[in-house]
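**Q** Please see the structure below; I have some questions.
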Amino acid sequence: RDLAARRAVIASQSTAIEEAYAGVENVGAFLAKAEATVGSLLERSIQGEAASAHETLRSVWAGLTRRNASGQEFAGLPTGIRELDKLISGMERKKLYYLAARPKVGKTALAMQAAVHAALHGVSVMVFSLEMGSDQLMERTLCQHARVSSDSVRNNDVKDADIDRLYQASDELS
């Protein structure tokens, strides 16, 4: 069932990516359709999961006990961004998170930082971007993780110390 849900997400997002690259006349309608598709997938995943209060409380207490025993601070997976984690208690299963803001304010950088943090803690991560290809995303992520200016990498103005940090970051990310 989980595999089928993952395939459905990949198919729906692949379609959205193809439509975005083909050009969209009405961006609002395009985004509404993409959101409706994700909402439909979420509804399908939730259906059939009715449980009694007793079963649900048992599950809640098991989670609380596990979190307490492990010393885990947040209910969900930490993003690596302390203030954000305090607000949302980490990213939790079965929740959908939207990240929206004006252009050029760091949405992709923030999302990639959370994705890298999760991946470095053993969580499988899949990233979809309508704006960037995988090479561009990874280059930005590598620079961010290495704390090297992506402008210096793009302009081939990288110092030896930066190269060393990029190699180390590459090892950590792979």
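The values are calculated or read from the model by the stated rules, or taken from the named source; none is laboratory data. What you see is a predicted model; the values in this text were computed from it and never measured. For neighbour counting, all protein chains shown are included, and Cβ atoms are generated from backbone atoms with ideal geometry for every residue, glycine included. Calculation scope for accessible area: heavy atoms of the full protein, side chains included, ligands and nucleic acids excluded. Shrake-Rupley method; radii C 1.70, N 1.55, O 1.52, S 1.80 Å.
**Q** Anyone know which of 20, 111, 100 comes out most mobile in the 10 Å Cα GNM of the chain?
**A** 100
**Q** Over region 1-89, with a single point scatterer placed on each C-alpha, what log10 of the ratio I(q)/I(0) does the Debye formula yield at q = 0.16, 0.23, 0.24, 0.26 1/Å?
**A** Values, matching the q order: -0.96, -1.07, -1.08, -1.12.
**Q** Between the helical axis of 2-22 and the dominant principal axis of the chain, each derived from Cα atoms, what acute angle in degrees is found, rounded to the nearest 10?
**A** Tilt of helix 2-22: around 40 degrees.
**Q** So, for region 77-164, what is the accessible surface per residue at a probe of 1.4 Å, expressed in square angstrom?
**A** 73 Å²
**Q** Between the DSSP loop rule and a limit of at most 10 other Cβ atoms within 10 Å, which GluC sites (Glu not before Pro) in region 45-137 are left?
**A** For GluC sites (Glu not before Pro) across region 45-137 that sit outside H, G, I, E and B with at most 10 neighbouring Cβ atoms in 10 Å, the list reads 49, 131.
**Q** Follow-up question, since we're still on this one. So what are the three principal axis dimensions of region 109-159 from its Cα atoms, in whole Å, longest to shortest?
**A** 34, 24, 15
**Q** Return an integer: the convex hull volume of the alpha-carbon atoms of the chain, in Å³ per residue.
**A** 161 Å³
**Q** So, one more: Let me have the relative contact order for the chain, percent, based on Cα pairs under 8 Å that are six or more residues apart.
**A** Rounded, it is 15 percent for the chain.
**Q** For 87, 173, 120, what's the largest-to-smallest order of accessible area, 1.4 Å probe?
**A** Accessible-area ranking of 87, 173, 120, largest first: 87, 120, 173.
**Q** Under Stokes-Einstein, with the Kirkwood radius over Cα pairs standing in for Rh, what whole-number D in µm²/s applies to region 76-164 at 4 °C and 1.567 mPa s?
**A** My calculation gives 89 µm²/s for D.
**Q** Further question on the same structure: Quick one: plug the Kirkwood hydrodynamic radius of region 46-95 (C-alpha pairs) into Stokes-Einstein at 10 °C, 1.306 mPa s, and report D in µm²/s.
**A** Translational D for this selection: 129 µm²/s.
**Q** How much length is gained on full extension from residue 119 to residue 27, taking 0.36 nm per residue of separation minus their Cα-Cα distance?
**A** 29.9 nm
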